[in-house]
Amino acid sequence: MILDIIGIVLGVIAICLFFWLKKEQQMNFDLHDGDIEASKHAYNALMEDFTNYEVRTDREIRKISNNVEIKRIKNEKDIGKIKKDLPSIIRRVIGHIEFAKPLDKK
């Protein structure tokens with residue numbers, strides 16, 4: 001008789017523990033699901049930020065490249081003008097040197 005009562009009490013305790021552990025496990029699963037969902041949102045936000053960063057840097061690189069190209073073309077034009085004017089500049093300088101009076105009069 002006592003063994004029957006002890007068996008019934010242990011059985012009830014075992015059933016209660018089983019339901020309690022199942023409830024605890026479900027709570028842990030819910031927490032993990034929440035963490036996974038938060039991670040998905042964080043990864044999506046990170047991907048969007050990275051995509052925006054890539055677009056912004058590509059735009060800036062293109063802008064800098066265009067500015068460099070414009071400056072290169074301007075410099076080439078300036079050098080072209082200097083090359084055209086260089087013979088006349090050399091003639092003017094050499095003309096002054098050729099027709100200059102010598103400093104020492106020996």
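Values quoted throughout were computed directly from the atomic coordinates according to the rules given, and no laboratory measurement underlies them. Keep in mind it's a predicted model, so treat the numbers as computed, not measured. Cβ: placed from backbone, ideal geometry, glycine included. Neighbour counts: every protein chain shown.
Quick notes on this structure:
- In this simple spin-label approximation, residue 94 and residue 12 carry label points 7 Å from Cα along the Cα→Cβ vector, and these lie 12.2 nm apart.
- Unit charges at the beta carbon, dipole of the chain: most positive-side option, 13, 68, 26: 68
- For the range 1-83: lysine pairs under 22 Å (alpha-carbon distance), excluding those fewer than 8 apart on one chain: 6
- Enclosed volume per residue, in Å³, of the convex hull spanned by Cα atoms of the chain: 167 Å³
- Derived from the Cα gyration tensor, the three semi-axes of the equivalent ellipsoid of the range 19-59 are 39, 4, 4 Å, largest first.
- Helix axis angle, 2-98 relative to the chain longest principal axis, alpha carbon, degrees: 0 degrees
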